[in-house]
């Protein structure tokens, strides 16, 4: 072959730019150790995909040794913690898949998404460990660095505890030395939810779909009479879809705190995980959608995209239950407070939450972070008085004032009773 032949070959159709192809399909791939330049690009990708469409899922594929490679420390745990914060901040649902290694900080990223959305291939290796430090300099510098790493370790322990369900004491003991997991062991520990079965048995929906689980799944359903209200956070999102006979569901169902306007009779509905078109009753998050599958069949169910199920609606009223304010695990006393509001009935919706700032004698609004979670930076000191703006059945909005709901010495993970019921 002469030079002209080689130039002729270059005119043939070229393979796609793989990075752009993955990106266009909302797939983000971490395939090298966690170093600052990689994490900056990763965060930029997440923020871009969030801005492009906050409702579409993002798939995160992981094959990384964390901040260490071949025994050499290449990055800083703070990069991974920053990525974790961004992953929890954005609204687009994220699923993670380990396709090789997820060690150290990469294992935290693997576990950091909603339960039901964390996967690994059969040959994957997952490992958790303490942060690794290389100290040098004068003694005072080393002392300060050790204190800083103690804080980083505490954050890593709390994150793993929140996402695995293991007590912090067990996590702290387990990471004293690198602890390795097979995918099945990682499922048992709570780092992932499922190992993908790579067998290509197509099967049919009756084999893939866990009908019993489908009937018990609690989601919002709006009836043909177009009742208003509910706790999904989307308001009238479903009014124009499928003639108003639609389930419009936020990605977290308000963190599970409400399921909307319901009754007890059965109905056949169409369910999807991407919500495109006008023939869909329920638009589920990826997490909710895969829970409809039998064990190890989630990947096959996702391939269908849209399925028919018989659904029984469950009442979302909470008779006799007061509103509960739970401080989320990622809150940091006293600088950052995030609250999830539990036992909110479906007939009411909380539109705003405000805290009383005693030093300046004014109400200060909290931010709706996602779902039913409201947060504030540098919250007021002292037992917190708050007020809730609540919408009623007639569309009217009223303020409900609560006294000393959250104590001065609030703690992450603790729930506080408001002594107030929304009915």
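Residue by residue, here is whether (1) at pLDDT 85 or above; (2) within 24 Å of residue 398 (Cα to Cα); (3) crowded, with 21+ Cβ neighbours inside 10 Å holds:
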residue	(1), (2), (3)
323	yes, yes, yes
333	yes, no, no
338	yes, yes, yes
367	yes, yes, no
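Which of the following residues is more than 18 Å from residue 326 (Cα to Cα) and at pLDDT 90 or above: 358, 362?
Working: 358 fails: at pLDDT 90 or above.
It is 362.
Using the structure shown, decide if residue 115 is touching a residue at least 12 places away in the same chain (Cβ under 8 Å), within 15 Å of the chain's Cα centre (by Cα) and part of a loop (DSSP other than H, G, I, E, B). Give the derivation first.
Details: touching a residue at least 12 places away in the same chain (Cβ under 8 Å): yes; within 15 Å of the chain's Cα centre (by Cα): yes; part of a loop (DSSP other than H, G, I, E, B): yes.
Yes, satisfied.
Can you pull out the residues in region 172-186 that are buried (at least 19 other Cβ atoms within 10 Å of the Cβ) and either in contact with a helix residue (DSSP H, G or I) (Cβ under 7 Å, 6 or more places away or on another chain) or not in a loop (DSSP other than H, G, I, E, B) (or both)?
Our first condition is that a residue be buried (at least 19 other Cβ atoms within 10 Å of the Cβ); within region 172-186, this holds for 175, 181, 183, 186.
Those that are buried (at least 19 other Cβ atoms within 10 Å of the Cβ) and either in contact with a helix residue (DSSP H, G or I) (Cβ under 7 Å, 6 or more places away or on another chain) or not in a loop (DSSP other than H, G, I, E, B) (or both): 181, 183, 186.
Quick one: would you say residue 344 is modelled with pLDDT under 70, outside any strand (DSSP E or B), on the phi < 0 side of the Ramachandran plot and buried (at least 21 other Cβ atoms within 10 Å of the Cβ)?
Numbers: modelled with pLDDT under 70: yes; outside any strand (DSSP E or B): yes; on the phi < 0 side of the Ramachandran plot: yes; buried (at least 21 other Cβ atoms within 10 Å of the Cβ): yes.
Yes, satisfied.
Report, by residue number, each residue of region 45-84 that is at pLDDT below 85, surrounded by fewer than 19 Cβ atoms within 10 Å (Cβ to Cβ), under 22 Å from residue 156 (Cβ atoms) and under 17 Å from the mean Cα position of the chain (by Cα).
Those that are at pLDDT below 85, surrounded by fewer than 19 Cβ atoms within 10 Å (Cβ to Cβ), under 22 Å from residue 156 (Cβ atoms) and under 17 Å from the mean Cα position of the chain (by Cα): none in region 45-84.
Does residue 374 satisfy being surrounded by 15 or more Cβ atoms within 10 Å (Cβ to Cβ) and outside any strand (DSSP E or B)?
No, not satisfied.
The values are calculated or read from the model by the stated rules, or taken from the named source; none is laboratory data. Predicted model, so just to flag it, every value in this text is computed and none were measured. Note that each Cβ is placed from the backbone with ideal geometry, even for glycine, and that neighbours are counted across all protein chains shown.
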